[in-house]
Each structure stands twice: as structure tokens, then as C-alpha cells.
Amino acid sequence: MLNWSEIDTVLLDMDGTLLDLHYDNYFWLHVVPEEYAKKNQLSIEQARLIIEQKYQDVMGQLSWYCLDYWQKELDLPIMALKREIQHLISLREDTIPFLQFLKQSGKHIVLLTNAHPDSLSLKIERTQFDVYMDRLISTHEYGFSKEQQALWHAVQKDVGFNRRRTLFVDDSLSVLKSAKQYGIAHLLAIANPDSKKPHNQISDFLAITDYRQVMPT
């Protein structure tokens with residue numbers, strides 16, 4: 001499925017790709033609307049409709065991933081609320097075997113996440129998967145999200161990867177399409193980012209539900 005002899009660099013998303021997306025989905029779809037409803041004396045349904053529209057307004061932009069933006073926009077202590085449910089942060093069951101394989105294979109392993117630096121720090125604190133990484137990058141360092149071509153140019157200039165010999169792994173189809181547009185040769189989609197939800201049906205990219213599907217036996 002993947003010709004590992006043609007891959008030198010592996011760029012990895014974090015949420016839904018290395019970590020179970022359940023934590024983030026639960027936070028943004030349940031905790032935030034509930035707290036917003038309480039603060040503004042709204043029903044949960046009213047709060048959900050307002051929050052959903054706010055999400056849609058900045059979808060795919062760096063603001064969508066920015067905790068500072070949401071703290072100001074919603075007037076909620078976002079980071080404190082995230083810490084209250086940090087026990088839900090967990091690695092995918094197949095992540096460590098995959099990272100061990102990449103490390104043993106001598107690949108250059110780079111985390112490339114749209115997550116805010118504070119969110120990245122919290123997740124590293126909880127999981128310690130950074131021991132396998134050669135580099136940790138939050139796109140906030142560059143001021144662009146992975147959905148934007150400017151981000152790929154900035155990362156390429158910084159990291160110096162060869163597009164033809166790079167694998168990029170993500171659970172977001174819009175992000176994978178952006179990477180494809182930039183010319184990343186090897187692309188892999190994660191079809192089961194949230195352990196509590198059904199698998200996604202993906203036909204545009206090579207898609208897996210377990211990293212062992214692409215690891216040599």
C-alpha cells in the first residue's frame with residue numbers, strides 16, 4: 001500500500017491521527033455549548049445553534065484552531081475547561097507501534113498540527129508521544145493553517161523536505177487535498193479518527209483504520 005523505500009520524511013497530524021479525536025469532539029460539541037448556555041442563560045439548543053454558526057464562520061481558518069480566539073469570542077476560560085476533561089486525552093491504540101516502526105526505519109518524523117500551542121503542550125504532557133518525534137510544529141508558528149498553500153511553502157522552507165519523498169498523514173480531507181495540491185507525493189487518510197463514531201467512507205485517498213495495515217509484516 002505504501003512503498004516505504006520511497007519515503008524519507010513523515011509529516012503527521014495529531015488530533016484524530018495520532019490521538020483519539022473523541023476528546024476534541026466532546027469538548028467542542030458538548031462542553032463548550034453547555035458552558036456557553038450557562039454563562040448566557042440560554043437553552044442548550046440555543047447555545048448549540050449559536051456556537052455552530054460561529055464555528056462555520058471560521059472553518060478551515062487558523063482562528064478555528066486558535067484557543068485565544070475562542071476565549072475572546074465566547075468569553076469562556078477555554079484552556080481551563082480543556083484541562084477539566086484532560087483525562088479523555090488518549091493515543092490511538094495503533095499509534096505507538098507505528099511511531100516505533102517509523103523511528104526504527106530511520107524516517108524523519110515531524111508532527112504538523114493545526115492545534116494551538118497550548119493544546120499541543122497539554123496533549124504532550126498527557127501522552128509523551130513527543131519522544132518519537134524529530135520536530136513538533138504547530139501551524140500557529142507560521143500564521144497559516146494546513147488548508148492554506150502558504151503553510152506548505154513555509155514548512156518546506158523551514159523543514160526542507162522533498163515533496164516526492166514525503167508521506168503526509170491526516171484525518172481531514174480538506175487538509176489532505178491541500179497537501180496534494182502542494183505536491184506531497186504520498187498521502188494517507190485516517191478513516192476512524194473518533195473511536196466513539198462510525199468509520200468515515202473515504203475514496204479520494206488511500207485510507208486506513210489501523211496503522212498496521214501499512215506496516216511491513
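The values are calculated or read from the model by the stated rules, or taken from the named source; none is laboratory data. Since this is a predicted model, take the numbers as computed values, not measurements. Counting neighbours? That spans all protein chains shown, and the Cβs are built from the backbone with ideal geometry, glycine included. Ligands, DNA and RNA are stripped out before the accessible areas are found, and what is left, the full protein with its side chains, is counted by its heavy atoms. Shrake-Rupley method; radii C 1.70, N 1.55, O 1.52, S 1.80 Å.
The packing ranking of peptides 191-202, 65-76, 12-23, highest mean first, is 12-23, 65-76, 191-202, where packing means the average number of other beta carbon atoms within 10 angstrom of each residue.
Once a ≥ b ≥ c are taken as the square roots of the eigenvalues of the Cα gyration tensor of segment 42-87, is the result rounded (a/c under 1.5), prolate (a/b larger than b/c) or oblate (a/b not larger than b/c)?
Since a/c reaches 1.5 but b/c is at least a/b, the shape of segment 42-87 is classed as oblate.
Surface composition of the chain: carbon plus sulfur atoms hold 47% of the accessible area, using a 1.4 angstrom probe and ignoring ligands, DNA and RNA. Solvent-accessible area per residue in the chain equals 48 Å², computed with a 1.4 angstrom probe and all protein chains kept. On a per residue basis, the convex hull of the C-alpha atoms belonging to segment 144-217 measures out at 107 Å³. Max-minus-min Cα coordinates of segment 55-164 on each principal axis give 46, 34, 19 Å, with the largest extent listed first. Considering segment 1-123 at the alpha-carbon level, its Rg and Dmax are found to be 17.4, 58 Å.
Neighbours of Phe101 by Cβ distance under 11 Å: Lys/Arg scored +1, Asp/Glu scored -1, total +2. All other residues whose Cβ lies under 12 angstrom from that of Leu62 are scored, Lys and Arg at +1 and Asp and Glu at -1, for a net of -2.
Under the simplified labelling scheme, the Ile96-Asp210 pair shows an inter-label distance of 1.7 nm, with each label point 7 Å from Cα along Cα→Cβ. Quick one: work out the % antiparallel among DSSP beta bridges in the chain, nearest 5. Once the DSSP bridges in the chain are tallied, antiparallel ones form about 5 percent.
At 0.36 nm per residue, minus the direct Cα-Cα distance, what do Tyr55 and Lys157 gain on full extension? Give it in nm, one decimal, please.
Length gained between Tyr55 and Lys157: 33.6 nm.
For the chain, the number of Lys pairs with C-alpha atoms closer than 18 Å, counting only pairs eight or more positions apart or on separate chains, is 13.
The stretch between Gln41 and Asp130 holds 27.9 nm of extra length on full extension. This uses 0.36 nm per residue minus the Cα-Cα distance.
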